[in-house]
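J.: This is the structure I want to talk about, given as structure tokens.
The values are calculated or read from the model by the stated rules, or taken from the named source; none is laboratory data. Predicted model, so just to flag it, every value in this text is computed and none were measured. Positions of Cβ are generated from backbone atoms using ideal geometry, with glycine treated the same way; all protein chains shown enter the neighbour counts.
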Amino acid sequence: MTALTSPVQESAQQLLTRCRRLVRPALEEAVGRLHPWVAEMAAYSFGWCEVGGAPADTPGGKGVRQALAVLGAEAAGADGRAGIPAAVAVELVHAFSLLHDDIMDGDPTRRRRPAVWQAYGTGPAVLAGDALFALAVDTVAAAPEASGALRLLTAALADLVRGQADDLLFATRPWTGPERVTAPEYRVMAEAKTGALLGCALALGAALGGAPPGTVAALDRVGRHLGVAFQLVDDVLGVWGDPDVTGKPVGGDLRERKKTFPVLAALDSPTARHLPALLGSPGRAQEAAALIEAAGGRAAALAEARAHTTAARTLLAGTPLAGRAPGDLAELLDLLVGREL
């Protein structure tokens, strides 16, 4: 993975910064409505404070979902501020999902700090996640056109839970045989777990910006394709990425026996007949990574990511959008899935 130096990537980073600055006051105000202890855990998860509440400015996430919500409103011809309730809601949902994901996966760190469940305890982290979930729903309920917006959010939440359930169940299934996880099953899981909230961010921002139903639906599909492409690239980085950039150990996904797309694709190759044995040996992750690449798993994942990226671009080109939004969305897409493509 190379440093972000191209003009397009720099412009996309500036776009993310603009949207984060626009949304943060409303996000802080929403978190401030929670119980003080729960609000502290939420602020810690966003990198705003340390355990105990001392102020901090720890780098958090990129703010992709909130940026998509703002751009969705702008794509509808509205001021980006019309998308702020959508941006706050999807960012709260994302934070809730990460708190619970870390507990389910047993991940002790998040963004190079102790995960909330490690810093505060499992029970408190579950509670904080539940509070963020409820706050997201309340935020949308208070927005204009609340009924339609709530339907978009709750549909995405249902998909997110479904995708997470499938992802957890995949871990219990064998690598080979009739019960193994297939590539089509993976696509469904990735769209639900990752794509649904990205699609919701765009669609919800557009809906609050006054976009017609056809535009809202098209932007939802754009976000879903983007989410699958992002997940595929993340799978590649989870096996071959630079730990200094990804924050993950080399081969971490292999040692955790995750059913990622490169592995599933490689298992279809006759040259990878020894791969299941390597995957069953945590100390042989490097050998497994080399065999997956030789069997075409890495290339297949990147080709699949490119296909979803192309589908997203095609939808953007065929949807009437206002102002600079089409170009801004294309730049953001390049930043998110161009890490390995």
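J.: Restricting attention to region 117-137, which residues are of a type outside the set (S, T, N, Q), more than 18 Å from the chain's Cα centre (by Cα) and surrounded by 14 or more Cβ atoms within 10 Å (Cβ to Cβ)? Explain how you work it out, then say what you get.
T.: Here is the first cut: in region 117-137, the residues of a type outside the set (S, T, N, Q) are 117, 119-121, 123-137.
Remaining after also requiring more than 18 Å from the chain's Cα centre (by Cα): 117, 119-121, 123-128, 130-131, 134-135, 137.
Scanning region 117-137 gives Trp117, Ala119, Tyr120, Pro124, Ala125, Val126, Leu127, Ala128, Asp130, Ala131, Leu135, Val137.
J.: Which members of region 253-265 meet the condition of being at pLDDT 95 or above and surrounded by fewer than 24 Cβ atoms within 10 Å (Cβ to Cβ)?
T.: Leu264, Ala265
J.: Still on this model: Kindly establish whether Ala289 is of a type in the set (A, V, I, L, M, F, W, C) and surrounded by fewer than 16 Cβ atoms within 10 Å (Cβ to Cβ). Show your work before the answer.
T.: Values: of a type in the set (A, V, I, L, M, F, W, C): yes; surrounded by fewer than 16 Cβ atoms within 10 Å (Cβ to Cβ): no.
The answer is no for Ala289.
J.: Follow-up. Only one residue in Glu191, Glu179 is acidic (Asp, Glu), more than 22 Å from Leu150 (Cα to Cα) and free of Cβ contacts under 8 Å to residues at least 40 places away in the same chain. Which one?
T.: Values: Glu191 fails: more than 22 Å from Leu150 (Cα to Cα).
Of the residues listed, the single one that is acidic (Asp, Glu), more than 22 Å from Leu150 (Cα to Cα) and free of Cβ contacts under 8 Å to residues at least 40 places away in the same chain is Glu179.
J.: Separate question: Determine whether Ala12 is closer than 23 Å to Asp234 by Cβ, crowded, with 17+ Cβ neighbours inside 10 Å and within 21 Å of the chain's Cα centre (by Cα). Step through it out loud before you land on a result.
T.: Working: closer than 23 Å to Asp234 by Cβ: yes; crowded, with 17+ Cβ neighbours inside 10 Å: yes; within 21 Å of the chain's Cα centre (by Cα): yes.
So Ala12 fits the description; yes.
J.: Which of the residues that make up region 73-102 are more than 17 Å from the chain's Cα centre (by Cα), in a helix (DSSP H, G or I) and either of a type in the set (S, T, N, Q) or buried (at least 17 other Cβ atoms within 10 Å of the Cβ) (or both)?
T.: Scanning region 73-102 gives Ala73, Glu74, Ala75, Gly80, Ala82, Gly83, Ile84, Pro85.
J.: Exactly one condition in (1) among the charged types (D, E, K, R); (2) under 18 Å from Leu232 (Cα atoms); (3) touching a residue at least 40 places away in the same chain (Cβ under 8 Å) is false for Glu331; which is it?
T.: Unmet for Glu331, out of (1) among the charged types (D, E, K, R); (2) under 18 Å from Leu232 (Cα atoms); (3) touching a residue at least 40 places away in the same chain (Cβ under 8 Å): (2).
J.: Picking from Leu321, Leu316, which residue would you name as being surrounded by 15 or more Cβ atoms within 10 Å (Cβ to Cβ) and part of a loop (DSSP other than H, G, I, E, B)? Quick ask: steps written out before the conclusion?
T.: Numbers: Leu316 fails: part of a loop (DSSP other than H, G, I, E, B).
Just a single option satisfies the conditions, and that option is Leu321.
J.: Which one of Gly163, Gly177, Gly251 is in contact with a Lys or Arg (Cβ under 8 Å, 6 or more places away or on another chain) and either among the small types (Gly, Ala, Ser) or within 30 Å of Val23 (Cα to Cα) (or both)? Give the derivation first.
T.: Numbers: Gly177 fails: in contact with a Lys or Arg (Cβ under 8 Å, 6 or more places away or on another chain); Gly251 fails: in contact with a Lys or Arg (Cβ under 8 Å, 6 or more places away or on another chain).
None of the others qualify; the one that does is Gly163.
J.: Looking at region 192-213, can you tell me whether even one residue there is of a type in the set (D, E, K, R), in a helix (DSSP H, G or I) and over 10 Å from the mean Cα position of the chain (by Cα)?
T.: Residues of region 192-213 that are of a type in the set (D, E, K, R), as a first pass: 193.
Of the ones still in play, those that are also in a helix (DSSP H, G or I) are 193.
Retained after the next criterion (residues that are over 10 Å from the mean Cα position of the chain (by Cα)): none.
No, because not a single residue in region 192-213 is of a type in the set (D, E, K, R), in a helix (DSSP H, G or I) and over 10 Å from the mean Cα position of the chain (by Cα).
J.: Which condition number does Asp166 fail, the rest of (1) buried (at least 18 other Cβ atoms within 10 Å of the Cβ); (2) within 30 Å of Pro25 (Cα to Cα) being met?
T.: (2)
J.: Got a sec? Which of Asp235, Asp220 is closer than 27 Å to Leu169 by Cβ, in contact (Cβ under 8 Å) with a residue 24 or more places away in the chain, crowded, with 16+ Cβ neighbours inside 10 Å and in contact with a Leu (Cβ under 7 Å, 6 or more places away or on another chain)? Can you show your working first?
T.: Numbers: Asp235 fails: in contact with a Leu (Cβ under 7 Å, 6 or more places away or on another chain).
After ruling out the rest, the residue left standing is Asp220.
J.: A follow-up question, please. Condition first: aliphatic (A, V, I, L, M) and either surrounded by fewer than 21 Cβ atoms within 10 Å (Cβ to Cβ) or touching a Gly at 6+ places or on another chain (Cβ under 8 Å) (or both). Can you find one or more residues in region 108-115 that meet it? If you could, list the steps in order and put the result at the bottom.
T.: Quick first cut of region 108-115, residues aliphatic (A, V, I, L, M) only: 115.
Okay, now just the ones that are also either surrounded by fewer than 21 Cβ atoms within 10 Å (Cβ to Cβ) or touching a Gly at 6+ places or on another chain (Cβ under 8 Å) (or both), so none.
No, region 108-115 contains no residue that is aliphatic (A, V, I, L, M) and either surrounded by fewer than 21 Cβ atoms within 10 Å (Cβ to Cβ) or touching a Gly at 6+ places or on another chain (Cβ under 8 Å) (or both).
J.: Could you tell me how many of the residues in region 141-176 are over 24 Å from Leu204 (Cβ atoms), in a helix (DSSP H, G or I) and touching a residue at least 24 places away in the same chain (Cβ under 8 Å)? Walk me through it before giving the result.
T.: If we filter region 141-176 for residues that are over 24 Å from Leu204 (Cβ atoms), which is where we start, we get 168-176.
Cutting the leftovers down to in a helix (DSSP H, G or I) gives us 168-170.
Then keep just the ones that are touching a residue at least 24 places away in the same chain (Cβ under 8 Å); that gives 168, 170.
Number satisfying all stated conditions: 2.
J.: Among residues belonging to region 24-72 that are under 19 Å from the mean Cα position of the chain (by Cα) and among the polar types (S, T, N, Q), point out the one that is surrounded by the most Cβ atoms within 10 Å (Cβ to Cβ).
T.: Restricting to residues being under 19 Å from the mean Cα position of the chain (by Cα) and among the polar types (S, T, N, Q), the top hit is Gln66.
J.: Among (1) under 23 Å from the mean Cα position of the chain (by Cα); (2) at pLDDT below 95, which single condition is Pro7 missing?
T.: Result: Pro7 fails condition (1) only.
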